2 protein chains.
Amino acid sequence: MSSYNNTARFSEARRVAIFGGTHGNEMSGVTLVNLWTKNGTEIQRKGVEAVPFITNPKAVEKCTRYVDTDLNRAFTPENLSAPGGNDLPYEVLRAQEINRIFGPKGSPEAYDVIFDLHNTTSNMGCTLILESSKDHFNLQMMNYIKKAMAPASCLVLMNEHPLLKYSTSRSVAKHPVGLEVGPQPQGVLRSNIFEAMRVILKHALDFIELFNEGVEFPPCTVEVFRVLEWIDYPRDANGNIIAMVHPNLQDCDWEPLNPGDPMFHTFDGKTIHYQGSGTVYPTFINEAAYYEKQQAFITTRRETLVASAIIKA
Amino acid sequence: MSSYNNTARFSEARRVAIFGGTHGNEMSGVTLVNLWTKNGTEIQRKGVEAVPFITNPKAVEKCTRYVDTDLNRAFTPENLSAPGGNDLPYEVLRAQEINRIFGPKGSPEAYDVIFDLHNTTSNMGCTLILESSKDHFNLQMMNYIKKAMAPASCLVLMNEHPLLKYSTSRSVAKHPVGLEVGPQPQGVLRSNIFEAMRVILKHALDFIELFNEGVEFPPCTVEVFRVLEWIDYPRDANGNIIAMVHPNLQDCDWEPLNPGDPMFHTFDGKTIHYQGSGTVYPTFINEAAYYEKQQAFITTRRETLVASAIIKA
C-alpha cells in the first residue's frame, strides 16, 4: 500500500481463496466450498482467480471441529516453521501445507485475499471478522458489503487485541476476512444461514472485481465492534461450570449489556449480574466450541473507523 | 399389569433411573444428572428410589454423541448377549453393563421406570417419547405431565413402528420414557431448554409418587404423534446431499405438512414438494445427528389413545 493525496494504493487483488471447513462441523462453508469446487461459475469474476479450498478435510470427514488441535489457532510462527514432519499434530502439518500453497504468511507471494467461512451457534447474524483496523482495503470492502446488504444487517468484529487475537487460517493472506454466520448448530445446514453466507461472498467478490477494474472508492466510515475481553462461565473450586448464560442475555449478541444487567443464571436459580464499568456489546454468546476455551461470551465496544479512499496501484 | 373392572393394576414403581449422556453432547441431561448425582434432594420422592446415571461417560468426556457406535441403538438382544468382552465396541460393552445394573431387559428384576434425557437441534419443544401404546402406566403419566405443563405444550411421540423402532437405553426398564427437548445445539447448554427438561422430570416424579401412594388415575385420552416414516435428504448419484430443508419447513416441527407443500430447497434454488397422499406432522426436522442416518425428518400422524384407569396392585 502507498498513499498519494490521501488515497491509498493497493496492488490488484487477483489471487483470492475461499476457505471452508477450517472447522469441519461448520456446514455452510463446507457445503459452499464443495459446491464451488464442482462448479465455480458463481464465484468467477473478471480479473479475479477465486480458489475454493477445504482446509481441514479430515475434520470435515468426521464432522468435527478438528482432529488434533484447532486449525484456526495453528498459524503461529512457531507452528509454521516447526520441523518434525509426520510427528506433528495433523492441523499443524495442515497449517504448514496451507501456508506453502497460499502464503508464505507475511510475504509478497502470499494470496491477496482469503475469505474463511465459519458458522456459530451464537445468534450473531451476518458477521465479518477483521484482524487490523489499518487495512483500508478491507475496511472499504466492509463498507461495500454492508451497503450492499442493507437493509439486512452485516456487522464487523475487529479482533486486534494484543492478547486475544489468534493465528487464523486466513491470516496467511495479505487481506484476511472471516465470515461468521449464525445461529446454526454444528453439523447442521440451515438454508437461511447458507444463503446469507452466499450473499456476503457475492458482494465481497463484486467489490474485488470493481477494485481490480480501477474503480476508486472514496473515503468512508465503518462501524466496527472491537474485542475487549472474554468472559468465562462461573465455576466451582474444581473448575466445573455452575451457571448458564442468563435468558436475558442468551441470543442477544450485539445488544448493549450494561453494568448490573443479568449475565448468568446458576443451576440453583441465582442471577449473576454484569459488573463492568460501562456498556459493552457482547457477542459469541454461548458458542458451542468455546466451552473448552472457557469462554461464555466476548465483550466488545462500538467504534467508528475512517477508511481512506483506495484505488488500484 | 392386571385388569379388574377395567382398572389396570401395576406394581409400585419404586426403582426409577434417570439417564443423562446417552448422547454425550446433549448437555441438558448431562448437566441435570451430574447435578443430581451431587445433590439428589430435587429428585427425592416418598417411596421412590430415583437413581441419576451417566450412561456414556466416555462420550460425555469427549462431548461427542458416541465413541464407537450409537448407545441408543445398542440394546438389541444380539448385543446384550454378545460374548467377546473387551473386543466389543465401547457402547456395546456399556449396554451390557447398563443392562446388568438396570435390567435385565424384559425381566421382572428390571427397573420400573427409566427416564432418558435427550436434546435435539430440531425445534421440537418439550417432547416425550414412548415405545408402546399398550403401556397404560406410561400413557397415564403422559396425561399427568401434559396437564401439569399446560398451558405450555408437551407432545408425545409414539415410536412402535415395526421397522423404525430402535433399541434404546431406556428400553431396559418396564416403563421406558424418553425426554427430547429442543432446539439446542450439540455441546451447548441453554437455560430455557435446561429448565423445561427439569420441569418435565419434576411432574413425572410427582406422578410416580402419587401412584405409589395408591392414588387411582381415572381413564383418559392422550394425543400422540405416531411415527410413520423417515424422509432422507435429496441426493445425487454419488450419495451427496443436494438440498436443504426448505425454509417453510425448517423449525416447523409438529405443524401439518400437506401434499404439495415445500419440503426441500436445492442448492441451485429449486423447490422439492411433499408428495405424500395426505397430511402428516413432521418432527426431528434437520436434527444434526441424523445426517449420518440419512434422515432429514420423520413424518407422524396424530392419534388419540385411550388409557385405562390405573391403580397400584
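The values are calculated or read from the model by the stated rules, or taken from the named source; none is laboratory data. None of the values given here were measured: they were computed from a predicted structure. Quick reminder, even Gly has a Cβ in these numbers, built from the backbone with ideal geometry, and neighbours come from all protein chains shown.
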> Within the set of pairs 6 or more residues apart or between chains, which connect a residue that is small (Gly, Ala, Ser) inside segment B:44-58 to a residue that is modelled with pLDDT of 95 or more and in a helix (DSSP H, G or I) with Cβ atoms less than 7 Å apart?
Replying inline: B:GLY47/B:GLU209; B:GLY47/B:ASN212; B:ALA50/B:ILE43; B:ALA50/B:LEU205
> In segment B:130-142, which residues are over 13 Å from B:ARG9 (Cα atoms), within 16 Å of the chain's Cα centre (by Cα) and free of Cβ contacts under 8 Å to residues at least 60 places away in the same chain?
Replying inline: B:GLU131, B:SER132
> Among the residues of segment B:256-265, which ones are in a strand (DSSP E or B) and either touching a residue at least 24 places away in the same chain (Cβ under 8 Å) or among the aliphatic types (A, V, I, L, M) (or both)?
Replying inline: B:LEU257, B:MET263, B:PHE264
> Consider B:GLY84 against the criteria (1) within 14 Å of chain A (Cβ to nearest Cβ); (2) free of Cβ contacts under 8 Å to residues at least 24 places away in the same chain; (3) small (Gly, Ala, Ser): it satisfies all of them except one. Which criterion is unmet?
Replying inline: (1)
>> If I filter segment A:209-225 for residues that are within 10 Å of chain B (Cβ to nearest Cβ) and either of a type in the set (D, E, K, R) or exposed (fewer than 15 other Cβ atoms within 10 Å of the Cβ) (or both), do I get at least one hit?
In response: no
> Looking at segment B:198-233, which of its residues are among the charged types (D, E, K, R) and under 23 Å from B:MET263 (Cβ atoms)?
Replying inline: B:ARG226, B:GLU229, B:ASP232
> Residue check: is A:VAL51 in a strand (DSSP E or B) and assigned by the TED database to the domain that holds A:ARG190?
Replying inline: yes
>> So, A:THR22, is that one touching a helix residue (DSSP H, G or I) at 6+ places or on another chain (Cβ under 7 Å) and outside any strand (DSSP E or B) or not?
In response: yes
>> Please go through segment A:277-298 and give me each residue that is more than 10 Å from every other protein chain (Cβ to nearest Cβ) and not polar (S, T, N, Q), ordered by number.
In response: A:GLY278, A:VAL280, A:TYR281, A:PRO282, A:PHE284, A:ILE285, A:LYS293, A:ALA296, A:PHE297, A:ILE298
> Which is charged (D, E, K, R), touching an Asp or Glu at 6+ places or on another chain (Cβ under 6 Å) and under 20 Å from A:LYS165 (Cβ atoms), of A:GLU91, A:GLU78?
Replying inline: A:GLU91
> So A:TYR274 fits all but one of (1) more than 13 Å from chain B (Cβ to nearest Cβ); (2) surrounded by fewer than 19 Cβ atoms within 10 Å (Cβ to Cβ); what number is the exception?
Replying inline: (2)
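Can you name the residue in segment A:32-76 that is within 11 Å of chain B (Cβ to nearest Cβ) and within 17 Å of A:PHE115 (Cβ to Cβ) and, of all such residues, is surrounded by the fewest Cβ atoms within 10 Å (Cβ to Cβ)?
A:GLU42
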> Is one or more of the residues making up segment B:234-252 exposed (fewer than 13 other Cβ atoms within 10 Å of the Cβ), on the phi > 0 side of the Ramachandran plot and within 14 Å of chain A (Cβ to nearest Cβ)?
Replying inline: yes
> Mind checking which pairs have a first residue in segment B:143-159 that is more than 19 Å from B:ASP253 (Cβ to Cβ) and touching a residue at least 40 places away in the same chain (Cβ under 8 Å) and a second that is aromatic (Phe, Trp, Tyr) and outside any loop (DSSP other than H, G, I, E, B), Cβ under 6 Å, 6 or more apart or different chains?
Replying inline: B:TYR144/B:PHE207
>> Please verify whether A:GLU195 is surrounded by fewer than 21 Cβ atoms within 10 Å (Cβ to Cβ), away from every other protein chain (no Cβ under 14 Å) and acidic (Asp, Glu), treating the condition exactly as stated.
In response: no
> Filter segment A:110-134 for residues that are β-branched (Val, Ile, Thr) and in a loop (DSSP other than H, G, I, E, B); which is farthest from B:PRO183 (Cα to Cα)?
Replying inline: A:THR120
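Can you tell me which residue in segment A:54-80 is nearest to A:ILE101 (Cα to Cα), limited to those that are in a loop (DSSP other than H, G, I, E, B) and among the polar types (S, T, N, Q)? Quick ask: steps written out before the conclusion?
Quick first cut of segment A:54-80, residues in a loop (DSSP other than H, G, I, E, B) only: A:55-56, A:63-70, A:74-76.
Now restrict to residues that are among the polar types (S, T, N, Q): A:55-56, A:64, A:69, A:76.
On the way: A:THR55: 11, A:ASN56: 14, A:THR64: 24, A:THR69: 20, A:THR76: 16 Å.
That would be A:THR55.
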> Among the candidates A:GLY40, A:GLY20, which residue alone is on the phi < 0 side of the Ramachandran plot, at pLDDT 95 or above and under 18 Å from the mean Cα position of the chain (by Cα)?
Replying inline: A:GLY20
> From the list A:ASP251, A:ASP268, which residue is farther than 30 Å from A:LYS312 by Cβ, free of Cβ contacts under 8 Å to residues at least 12 places away in the same chain and either outside the structural domain of A:LEU139 (by the TED database) or in contact with a Pro (Cβ under 6 Å, 6 or more places away or on another chain) (or both)?
Replying inline: A:ASP268
